[in-house]
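Accompanying notes for the structure given below.
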Amino acid sequence: MNVPGAVVAMLGARMHYAVPRILHQAGHLQRLYTDLHFPGTLARAVQRVGDWVGSEALVRAGTRRSGLPTALVKTFPMFAWEYSRRLRAARTDQARMLAYLWGGQRFCELVRGTWVDSPTALYGFNSASLELLDAGRSAGARLFVEQTISPRLCEIRFLQEANEAFPGWSDHHFEPCTADDLYAQRERSEWSLADRVIAGSEFVREGLVAEGCAPEKICVVPYGVDPAVSASAAKVASDPPLALFVGRVNLRKGAPLIEQAARRLAGTVRFRAVGAVDLPDRARSAISEVVELAGPIPRTRVWEEYQQADLFIFPSFCEGSATVVYEALASGLPVVTTPNAGSVVREGAEGFVVEAGDLESFTDRVETLARNADLRAAMSDAARRRAADFTVDAYAERLLNALALGSDSRC
């Protein structure tokens, strides 16, 4: 893309609106369409109200600010409210997936109804861009869709395996339903229409190929973060060492492995989890016995958590490319994770990469790091060096290069 005219259509504030901010700074953004977005002053006011009344939803809403000029942002607040209501009301996997399908389709209808000029390029996200891609194709626009997580049917297979290995850690059964099939078909149709499919990791690329996406369309573009505070190379280690997890505490992100590793390593490692807990009562009770559950906290405080930790753990069964791992590296933390997290951690360099669900290996690697301060220090230095290649500026360069590819080029 060499001229302005790119439209970004995205639900939520993914990575703090990184894609539209990058395109705007490069002079390419025509318009951002999103469900909810506040100017900076109003966003801070919403956050303060949320803190005052104890509303996590309002605190999260207050993060919906991008720094983009207001004239470039079109929002649909009534849709945002209805979409949120439908998701909250969903009590089954089928109902939840139907809500996602409704949200993606309705969002596309709203965006299409407000286009003034046809864009020269369109950047959308999986399940929420099909009708826009179709319209963009008719208008001759260049079409990009980002697959933010492994395709839905791949995700279900990973979750089924996790549920079988660790029963009792989810209220869901993860059996494919009609809505899952419809969702998967929607994803495939988006890949078919797109000129380029952007994947945040090799893990996502493998899932795309497995589900039928043409390999030559796929560009792997790892993300990037800028730490809110500088990582200190002189940090004093905790005693015992602190293993930190950040994210939703649930089956998909490896909660049972954290709980069981914490039991085995009691007294050797202190475990702490930051994020909302999404577990059945019995599982929640079990993990709370051995892991400090901090609950959700403001993003500004998450960086403080990284500074207090000695290592980072993220034993996920299925992700896209988890930004918390980039944040941990930028904070100088050795990482124990899985290939399914889609991270840029290299085995034996910035930490360890174990197979998803492998409790023995996960526990062993955590213990190895906890007991060896010199190894932690070496991997901490390596983490900071690795993070220097995955800043927001580096991500912007990779993304813009991917979007500039000719139609016959390969990533």
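Throughout, read-outs are computed from the coordinates displayed, never taken from laboratory work. Keep in mind that what you see is a predicted model, and the values were worked out from it rather than measured. Here the Cβ positions follow ideal geometry from the backbone for every residue, glycine too, while neighbour counts run over all protein chains shown.
Assorted remarks:
- Taking the charge dipole of the chain about its Cα centre, with +1 at Lys and Arg Cβ atoms and -1 at Asp and Glu Cβ atoms, the residue from Pro77, Val7, Val197 reaching farthest to the positive side is Pro77.
- Using R0 = 56 Å, the C-beta based FRET efficiency linking Glu82 and Ala373 works out to 0.60.
- Amide H contacts of Phe271 (H built 1.01 Å from N, in plane; Pro and chain starts excluded): Ala243, Glu292 sit under 5 Å, all sequence-distant by 5 or more or on other chains.
- Helical content alone sets the calculated 222 nm signal of the chain at -14500 deg cm²/dmol, taking -39,500 (n - 2.57) per DSSP H segment of four or more residues and averaging over every residue.
- Ranked packing of 304-317, 377-390, most packed first, by mean Cβ within 10 Å: 304-317, 377-390
- Distances between placed amide hydrogens fall under 5 Å for Phe125 paired with Glu146, all partners being 5 or more residues away or on another chain.
- Whole-Å distance, taken between Cα centres, linking the stretch 122-162 and the stretch 334-399: 28 Å
- Phi-based couplings in Hz for the stretch 127-133 (Karplus 6.51, -1.76, 1.60; Gly and Pro marked x): 6, 10, 8, 4, 5, 6, 4
- Taking the charge dipole of the chain about its Cα centre, with +1 at Lys and Arg Cβ atoms and -1 at Asp and Glu Cβ atoms, the residue from Ala121, Val277, Pro151 reaching farthest to the positive side is Ala121.
- Peptides 199-208, 68-77 ranked from most to least packed by the mean count of surrounding Cβ atoms within 10 Å: 199-208, 68-77.
- Protection-proxy order for peptides 171-178, 336-343, each taking the mean of Cβ atoms within 10 Å per residue, highest first: 336-343, 171-178
- Of all DSSP bridge pairs formed entirely within the stretch 242-387, close to 0 percent run antiparallel.
- Placing unit charges on each Cβ (+1 for Lys and Arg, -1 for Asp and Glu) gives the stretch 242-387 a dipole about its Cα centre, and among Gly254, Gly295, Gly342 the Cα reaching farthest toward its positive end belongs to Gly295.
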